[in-house]
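The structure appears below as structure tokens.
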């Protein structure tokens, strides 16, 4: 599966960071923010192994879920 931004998002300056497998896309985005990333970054992955849901719940995203 190939990820790509919609033309509107790309024209607005959004960037896409795509991975095969990550622990958590949310944690990666937070790491970028803490490191001073200017924003407008979408982090996506085919598979998430340690996702976090609301109220500390597990967020499972097996490959092929999208």
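The values are calculated or read from the model by the stated rules, or taken from the named source; none is laboratory data. Fair warning: this is a prediction, and the values are worked out from it, not measured in the lab. Positions of Cβ are backbone-derived with ideal geometry, glycine not excepted, and every protein chain shown enters the neighbour counts.
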TODO: Would you point out the residue of segment 37-52, among those that are out of contact with any helix residue (DSSP H, G or I) (no Cβ under 9 Å at 6 or more places or on another chain) and within 26 Å of residue 6 (Cβ to Cβ), that is modelled with the highest pLDDT?
DONE: 38
Task: Any pair with Cβ under 7 angstrom, 6 or more apart, that starts in segment 20-33 at a residue that is under 21 Å from residue 4 (Cβ atoms) and ends at one that is assigned to a helix (DSSP H, G or I) - done: 22/28
- [ ] For residues that are assigned to a loop (DSSP other than H, G, I, E, B) and on the phi > 0 side of the Ramachandran plot, scanning just segment 33-66, find the one that is surrounded by the fewest Cβ atoms within 10 Å (Cβ to Cβ).
- [x] 36
Open item on the list: Filter segment 2-32 down to the residues that are exposed (fewer than 12 other Cβ atoms within 10 Å of the Cβ) and on the phi < 0 side of the Ramachandran plot and list them by number.
Closed with: 2, 4, 6, 7, 8, 11, 12, 20, 21
